[in-house]
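The values are calculated or read from the model by the stated rules, or taken from the named source; none is laboratory data. Computed from a predicted model, the values in this text were never measured in an experiment. Glycine also receives a Cβ, built like all others from the backbone with ideal geometry; neighbour counts cover every protein chain displayed. Ligands, DNA and RNA are excluded from the accessible area calculation, which covers all protein heavy atoms including side chains. Shrake-Rupley method; radii C 1.70, N 1.55, O 1.52, S 1.80 Å.
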Amino acid sequence: MKNKGLITFHSILGLFAGIFILALSLSGAVLVFHDDLDAFQKPEEFPTFDYQKTLTIDSCYKVVQKRFPYAAISSCNISKNDKEAFMFSIYDTTYQKGEKVLQLFLHPQTGAVLKSRGGSDDISENFMAWLASFHSSFHAGKTGEWLLGFFSIVFVLSIITGIILYRKNIIAVLLFKKTVWRKNNLHQLIGTWALLFNVMIGITGFWMQRYVFKKEFYQSNNWVSTVKASPKPLFNFDSAYKAVQKRYPDFTAYVIYFPQSAKGKTAIYGSNKTNAYIHSKKFADVIALDSSGAVAKTRFINEISSADRYDIINSQLHMARYGGTGIKIIYALFGLSSALLSITGFLMWRRKRRTKKVNDE
């Protein structure tokens, strides 16, 4: 009788969250290849000139400011070479009333705008950003974020109840015993082989969304977005960055966040070569520059609390942002297991309903 109740509870969990788990697992399997797939929607190959050097960040900033004089220039992804365009993120009233980000791709040698596109709302030109937003909030704002947190709990509970229900067969499945390898056991087979992966995804997913269960999440926000033109460069960034590189030779910058006022700080995000492979290569370390371009503060991975370090590792584990292509393929394949569990679970439920209906007749 206890098993029957647990089976019912397990089925309810699966049916209730099935469509959401299906959507999250499919989108997650694609998102592990975010950078690779996003490259297809970035500017195609553009002509480069051997006689012309790569532009400085300062020069590109001035180009953007000249073309969009009233824009708030948010950030710039640093170009590695003259084959990669600079990407600036700005907020300008000419695009979505300044409420949404506009991405500009600049030629690294001429400064010409090669392409512009929106952010997570631009599904046709920035599909991966749109998919990432769907995966993190279903494009439903705070409601979507709360649903994601709620269904992460449901997902973990469904795994726990599944373990309890099929615990006697776990070893048999792993040992490939013929007694359990049947078509009707497909749900159990998939669940067992992907068990550790799904436990990891469920727990790390919940941990990333735990903020939705805190009272601060429900507090009203009367903040109104207003676009203010970014100030003119407060200092020569490239000179300041060379000084940073000299002082921190192991640090590689990935993105720069520009100040929005004369007293604001410039934040350089990147990573030190000495960081462990599990730490982010893009956002693990931060160097803040004051209005004169001098280093005001650092926030390196070895300087933050163990709790903050765990948060970085947790998100890295969840999003497969460590390792290489092999890790991504493994994540994608195992990520699809959650989708298959939703489908096979539904088919099992429907089959039992039909059997019960026939028996009742």
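Would you call Phe217 farther than 27 Å from Ile73 by Cα, among the aromatic types (Phe, Trp, Tyr), touching a Phe, Trp or Tyr at 6+ places or on another chain (Cβ under 7 Å) and not in a loop (DSSP other than H, G, I, E, B)? Answer is yes for this residue.
Taking the range 266-287 as the range and being small (Gly, Ala, Ser) and either out of contact with any strand residue (DSSP E or B) (no Cβ under 7 Å at 6 or more places or on another chain) or assigned to a loop (DSSP other than H, G, I, E, B) (or both) as the test, the residues that pass are Ala276, Ser280, Ala284. Of the numbered criteria (1) touching a residue at least 60 places away in the same chain (Cβ under 8 Å); (2) open to solvent by 60 Å² or more (accessible area, probe 1.4 Å); (3) of a type in the set (Lys, Arg), the one Arg321 fails is (1). Of the residues making up the range 118-147, those that are over 14 Å from the mean Cα position of the chain (by Cα), in a helix (DSSP H, G or I) and not β-branched (Val, Ile, Thr) are Gly141, Lys142, Gly144, Trp146, Leu147.
All but one of (1) β-branched (Val, Ile, Thr); (2) in contact (Cβ under 8 Å) with a residue 60 or more places away in the chain; (3) open to solvent by 30 Å² or more (accessible area, probe 1.4 Å) hold for Thr204, so report the exception by its number. Thr204 satisfies all of (1) β-branched (Val, Ile, Thr); (2) in contact (Cβ under 8 Å) with a residue 60 or more places away in the chain; (3) open to solvent by 30 Å² or more (accessible area, probe 1.4 Å) except (3). Is one or more of the residues making up the range 102-112 over 30 Å from Glu45 (Cβ atoms), of a type outside the set (Phe, Trp, Tyr) and either at pLDDT 95 or above or open to solvent by less than 70 Å² (accessible area, probe 1.4 Å) (or both)? No: zero hits.
Taking Leu336 as the residue in question, decide whether it is touching a residue at least 24 places away in the same chain (Cβ under 8 Å), open to solvent by less than 40 Å² (accessible area, probe 1.4 Å), assigned to a helix (DSSP H, G or I) and not small (Gly, Ala, Ser). In short, no.
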